[in-house]
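The values are calculated or read from the model by the stated rules, or taken from the named source; none is laboratory data. Owing to the predicted nature of the structure, the values given are computational and were not obtained by experimental measurement. FYI the Cβ positions are ideal-geometry reconstructions off the backbone, even for glycines, and counts take in every protein chain you see.
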Amino acid sequence: MIDKTAALFAVNTKTRYRFLLRNMLCDCCLKLLHMVFEQKGIDIVKSKLGEITVSVDPAIYSEETLTALLNELGFEVIEDKETALVEQIKRVVIELVHHSTYNAMVRNSDFIVGKFNKSYQHLSTVFSRHENITLEKYIILQRIEKVKELIQQDELSLSEIAYMMGYSSVQYLSTQFKNITGYSVTEYKSLPEKDRKGSGLQ
């Protein structure tokens, strides 16, 4: 029989660490983290995109060791509040562009502001300060990535895609697509799948 007192003591001697993470913007990142941590015997108390709380034996895992492990997996630990805000903004943009059904029905700025208790101007200024592009440009790049995905699925017409993604016309979508990718929509459709590279922004 397990000594309940000893087991309770072992639990109580564990230490919790909470990390805010950069580059964790999709569910596959969370799955990877859960898989690796489970293999290493690290208990995950709570997790969501961009944030994880773990419980570990401090004799085995220190905060520095966990930080190094997260870095190896490609997730940078965030200590700066503005950097954390930028990552939150990215996740909201991805939610808007990739996981909303009718983007034409909501303005980008209204959707984003609705997720934060801050003005769009403030969010945009912070984003530009920490990234190499403006928030507006980041949204455009994500929209084009979604357009690529919809084109490849070949289930909607270009006019339907334009409406779904909030473009005022097919011409506007086609022009922006060419400016960002270097290809017309027709040229992109004819590319081999291996050449249909994403922006790597997610």
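Some points to look at:
- Top-ranked residue of region 47-69 - restricted to ones that are without any contact (Cβ under 8 Å) to a residue 24 or more places away in the chain and under 20 Å from the mean Cα position of the chain (by Cα), ranked as surrounded by the fewest Cβ atoms within 10 Å (Cβ to Cβ): K48
- Region 116-159, residues that are among the acidic types (D, E) and within 16 Å of V97 (Cα to Cα): E136, E145, E149
- Put simply, of T53, T65 the only residue that is outside any helix (DSSP H, G or I) and at pLDDT 90 or above is T53.
- When Q171 is tested against (1) among the polar types (S, T, N, Q); (2) modelled with pLDDT of 90 or more; (3) surrounded by 13 or more Cβ atoms within 10 Å (Cβ to Cβ), just one condition goes unmet, and that condition is (3).
- Residues satisfying the criterion are absent from region 101-116 (criterion: modelled with pLDDT of 90 or more and buried (at least 17 other Cβ atoms within 10 Å of the Cβ)).
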